[in-house]
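Take a look at the structure set out below.
The values are calculated or read from the model by the stated rules, or taken from the named source; none is laboratory data. Fair warning: this is a prediction, and the values are worked out from it, not measured in the lab. Heads up, the Cβs are rebuilt from the backbone with ideal geometry, glycines too, and the neighbour counts pull from every protein chain shown.
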Amino acid sequence: MIPGLTRLDVLAGLAATMSLGGVTAARAQAGPVIAAAASLQSVLPKVVEAFRAQGGGPVRLVFGSSGAITTQIEQGAPFELFLSADRPYVARLAARGLTLDGGVPYAEGRIALFVPTGSRLKADGQLKDLAAALKDGRLRRLAIANPDHAPYGRAAREALTHAGLWGTIQPRLVVGENIAQAAQFASTGAAQGGVIAWSLAVAPELARRGRSALIPGGWHQPLEQQMVLLKGAGPIAWAFYGYLRGAAARAILDRYGFVLPARGAIS
């Protein structure tokens, strides 16, 4: 049995598959499509690798903003598991009867100020240098995710508001469709820095391109990341759902800067 997967998970997964009347051979061979918040873009492939190494089946990953993914699910996208960056999107899908349960938390996200190598900004989590850069002209562009449908963009807006910068910084914002795109803007010269997911900032591919500093968690509403099985989920999706709740997956998430929920919350 795959670590983190209980007998109840297995039985429920088999029941879900039977209730579908079976899945096509091609779809089963390719593996379920797992939709995930862009903040997981660096870490989730590592979890999938570990899952496969422990005997798990094939899994296909799709990343995007949680709001955009939610809309896609409402429009019939054939996802089997959704890892959201915020709880309200899971609640919205559950209220519409599109999930198998109300979901469970798997992590709490954090945001950070990322400054690429060569930028004149400082990696200052208190955002004091950012305020100074607004006044002295060093800041031309700052990247964030779209606050309207990306939870990490909303958290960035809340943090900038807390620091008293939101009103003056808006004309200088470069807005990504999701937090991974905002991180790309911040790391490739389209902006002098960005307020991005800590999980992306500490990933090796981004960490070598610049410096980052955590922004205080109390400056924004908690990013309570929640996952939920969707109607029609097959046994591999169920197995991966169980694996994500186990110690091996939790250890990988921890290495990428995610604050893990209390063990009781996901057992």
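Points worth noting:
Yes or no, residue by residue, for (1) more than 14 Å from Leu244 (Cβ to Cβ); (2) among the β-branched types (Val, Ile, Thr):
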site: Ile34; (1), (2): no, yes
site: Ala38; (1), (2): yes, no
site: Pro58; (1), (2): yes, no
site: Gly64; (1), (2): yes, no
site: Leu83; (1), (2): no, no
site: Arg87; (1), (2): yes, no
site: Leu100; (1), (2): yes, no
site: Leu121; (1), (2): yes, no
site: Ala131; (1), (2): yes, no
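- Residue check for Ser119: among the polar types (S, T, N, Q), farther than 30 Å from Arg92 by Cβ and either surrounded by fewer than 16 Cβ atoms within 10 Å (Cβ to Cβ) or more than 24 Å from the chain's Cα centre (by Cα) (or both): yes
- Criterion applied to Val228, Val259 was being in the same structural domain as Glu49 (by TED's automatic domain parsing), in contact (Cβ under 8 Å) with a residue 40 or more places away in the chain, touching a Leu at 6+ places or on another chain (Cβ under 8 Å) and within 26 Å of Arg154 (Cβ to Cβ), and the one residue passing it is Val228.
- Residues that are more than 18 Å from Gln41 (Cβ to Cβ), part of a helix (DSSP H, G or I) and out of contact with any helix residue (DSSP H, G or I) (no Cβ under 9 Å at 6 or more places or on another chain) within region 65-86 comprise just one, Thr71.
- Where Glu205 falls short, out of the listed (1) under 22 Å from Ala85 (Cα atoms); (2) buried (at least 17 other Cβ atoms within 10 Å of the Cβ); (3) in contact with a Ser or Thr (Cβ under 8 Å, 6 or more places away or on another chain): (2)
- Scanning region 90-109 for residues that are in contact (Cβ under 8 Å) with a residue 60 or more places away in the chain and either aliphatic (A, V, I, L, M) or over 20 Å from Arg250 (Cα atoms) (or both) yields Val90, Leu93, Ala94, Gly97, Leu98, Thr99, Leu100, Asp101, Gly102, Val104, Ala107.
- Residues in region 42-64 that are assigned to a loop (DSSP other than H, G, I, E, B) and under 15 Å from Leu230 (Cβ atoms): Val59 alone.
- The set of residues from region 37-63 being aliphatic (A, V, I, L, M) and either at pLDDT below 50 or in contact with a strand residue (DSSP E or B) (Cβ under 9 Å, 6 or more places away or on another chain) (or both) comprises Ala37, Ala38, Leu40, Leu44, Val48, Val59, Leu61, Val62.
Residue-wise test of (1) more than 19 Å from Ala37 (Cα to Cα); (2) among the polar types (S, T, N, Q).
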{"residue": "Ala203", "(1), (2)": "no, no"}
{"residue": "Arg208", "(1), (2)": "yes, no"}
{"residue": "Trp219", "(1), (2)": "yes, no"}
{"residue": "Gln226", "(1), (2)": "no, yes"}
{"residue": "Ala233", "(1), (2)": "no, no"}
{"residue": "Tyr241", "(1), (2)": "no, no"}
{"residue": "Ala247", "(1), (2)": "yes, no"}
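- Out of Gly189, Gly194, sole residue that is small (Gly, Ala, Ser) and on the phi > 0 side of the Ramachandran plot: Gly189
- Condition check for Ile34: closer than 30 Å to Ile196 by Cα, β-branched (Val, Ile, Thr), modelled with pLDDT of 50 or more and part of a strand (DSSP E or B): yes
- Region 65-78, residues that are of a type outside the set (A, V, I, L, M) and either buried (at least 22 other Cβ atoms within 10 Å of the Cβ) or at pLDDT below 95 (or both): Ser65, Ser66, Gly67, Thr70
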